[in-house]
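Step one of this worksheet: look at the structure below.
The values are calculated or read from the model by the stated rules, or taken from the named source; none is laboratory data. These figures come from a predicted structure and were not determined experimentally. Glycine also receives a Cβ, built like all others from the backbone with ideal geometry; neighbour counts cover every protein chain displayed.
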Amino acid sequence: MDVMELLAQVDLFRGLDESHRSRLANCTGTAHYQAGDVIITQGEEGTHLSIVVSGRVQVIRERAGREPIVLDELGPGKFVGEMALLDDRPRTATVIALEDTACLTLFKWHFRVELESHPDMAIAILPEISRRWRQALERLAAVA
């Protein structure tokens, strides 16, 4: 897996120049999950972003006393946990591997060091974060 190529294909990092992607690539790790494994648990501290390299994941929102809502199913090149890079709030959803899955991980403390050193990175990623928030609001409006 070429991490630089993968980051260039990920919507969140597509707007970054090659030097910024290279810096982030040096901060990544990998994690492997079997079908049914929980990758992220709603309510836990967010420590990292995960990019699906292979496999598929399901994103669900737990609801007290009600059935969980399936928010999304994601495959290679898609990412989850981006809010953990930006805030210190608990996870808003649970992510489960639907099949054997490999993820590239970027921990928030590494990301924040890079962002503090290169604040222009924020300008490049903000449009994608905004797009995802808008998408989430549209989904919410559709089910309300």
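Among residues belonging to region 18-27 that are out of contact with any Leu (no Cβ under 8 Å at 6 or more places or on another chain) and without any contact (Cβ under 8 Å) to a residue 60 or more places away in the chain, point out the one that is surrounded by the fewest Cβ atoms within 10 Å (Cβ to Cβ).
S19
Which of the following residues is within 13 Å of the chain's Cα centre (by Cα) and buried (at least 18 other Cβ atoms within 10 Å of the Cβ): F111, F107?
Matching residue, one of F111, F107: F111.
Pick out the one residue from T105, T101 that is hydroxyl-bearing (S, T, Y), touching a strand residue (DSSP E or B) at 6+ places or on another chain (Cβ under 9 Å) and over 19 Å from G46 (Cα atoms).
After ruling out the rest, the residue left standing is T101.
Condition first: in a strand (DSSP E or B), of a type in the set (A, V, I, L, M, F, W, C) and touching a residue at least 60 places away in the same chain (Cβ under 8 Å). Now tell me which residues in region 89-119 satisfy that.
I96, A97, A102, C103, L104, L106, F107, listed by residue number.
Determine whether G15 is under 21 Å from R112 (Cα atoms), assigned to a strand (DSSP E or B) and not aliphatic (A, V, I, L, M).
no
May I ask you to say which residue of Q9, Q42 is surrounded by fewer than 18 Cβ atoms within 10 Å (Cβ to Cβ) and either modelled with pLDDT under 90 or out of contact with any strand residue (DSSP E or B) (no Cβ under 9 Å at 6 or more places or on another chain) (or both)?
Q9
Would you please name the residue that is nearest to the chain's Cα centre (by Cα), looking only at residues in region 45-58 that are assigned to a loop (DSSP other than H, G, I, E, B) and surrounded by 19 or more Cβ atoms within 10 Å (Cβ to Cβ)?
Only one residue fits best here, namely G46.
Could you please let me know if L126 is free of Cβ contacts under 8 Å to residues at least 40 places away in the same chain, closer than 25 Å to E5 by Cβ, of a type in the set (A, V, I, L, M, F, W, C) and in a helix (DSSP H, G or I)?
Here the answer is yes, as L126 does meet what is asked.
Go through region 59-88 and count every residue that is surrounded by 13 or more Cβ atoms within 10 Å (Cβ to Cβ), part of a loop (DSSP other than H, G, I, E, B) and touching a Gly at 6+ places or on another chain (Cβ under 8 Å).
Result for region 59-88: 3.
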